[in-house]
């Protein structure tokens with residue numbers, strides 16, 4: 001019997017084990033960006049020639065996890081605009097990191113529930129984590145690293161609608 005299903009397409013579909021492998025790679029790449037001062041400081045910036053200012057802000061610290069915001073900041077006439085605006089949960093015990101949102105307004109919105117269908121959640125997780133994986137590889141290629149990350153007194157704007165940066169007291 002002839003099988004007309006496209007096996008390549010089925011193999012290219014996201015699977016949970018591939019997603020976890022990608023999240024492990026994201027964790028490894030973030031480790032190359034995060035300075036040791038993360039234990040003491042909350043806001044960092046990295047300046048590299050030919051690249052916009054990269055900002056990292058620790059939003060939450062817990063024993064085994066951190067919640068981090070990573071973004072470029074672009075200067076505009078009315079302040080600074082963060083883009084892309086990645087919110088990332090880092091699991092140190094599992095050595096995994098996952099993007100929770102690419103938009104400040106979405107960072108804390110519920111994205112999973114036992115009643116939600118699993119395939120759309122897996123597809124969304126695959127797309128967002130794949131985009132983050134590629135962006136982190138690009139950042140490292142540009143020269144951003146834990147060595148270029150310096151503590152900053154300027155926080156990232158709270159939301160995309162509030163574009164002004166906030167200086168720490």
Next item on the list: Could you give me the residue pairs with C-beta distances under 8 Å whose first residue belongs to segment 128-148 and is at positive phi, whose second residue is modelled with pLDDT of 90 or more and surrounded by fewer than 17 Cβ atoms within 10 Å (Cβ to Cβ) wherever it lies, and which are 6+ apart or on separate chains?
Entry: 143/48; 143/49
Check: Going by the structure shown, is residue 38 surrounded by 13 or more Cβ atoms within 10 Å (Cβ to Cβ), closer than 17 Å to residue 156 by Cα and modelled with pLDDT under 90?
Finding: yes
Notebook entry, point to check: Can you name the condition, by its number, that residue 108 falls short on among (1) closer than 17 Å to residue 62 by Cα; (2) at pLDDT 65 or above?
Noted result: (2)
Notebook entry, point to check: Just wondering, is there one or more residues in segment 153-165 that are touching a strand residue (DSSP E or B) at 6+ places or on another chain (Cβ under 6 Å), at pLDDT below 50 and closer than 19 Å to residue 66 by Cα?
Noted result: no
Next item on the list: Sort out which residues of segment 23-58 are touching a helix residue (DSSP H, G or I) at 6+ places or on another chain (Cβ under 8 Å), outside any helix (DSSP H, G or I) and on the phi < 0 side of the Ramachandran plot, and write them in order of number.
Entry: 44, 46, 48, 51, 54, 56, 58
Next item on the list: Please enumerate the residues belonging to segment 13-22 that are part of a loop (DSSP other than H, G, I, E, B) and either at pLDDT 90 or above or touching a helix residue (DSSP H, G or I) at 6+ places or on another chain (Cβ under 7 Å) (or both).
Entry: 14
Check: Quick check: anything in segment 112-120 exposed (fewer than 14 other Cβ atoms within 10 Å of the Cβ) and modelled with pLDDT of 85 or more?
Finding: no
Next item on the list: Would you be able to say whether some residue in segment 69-91 is at pLDDT 75 or above, within 24 Å of residue 34 (Cβ to Cβ) and more than 14 Å from the chain's Cα centre (by Cα)?
Entry: yes
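The values are calculated or read from the model by the stated rules, or taken from the named source; none is laboratory data. What you are looking at is a predicted structure, and each value in this text was computed from that prediction instead of being measured. Counting neighbours? That spans all protein chains shown, and the Cβs are built from the backbone with ideal geometry, glycine included.
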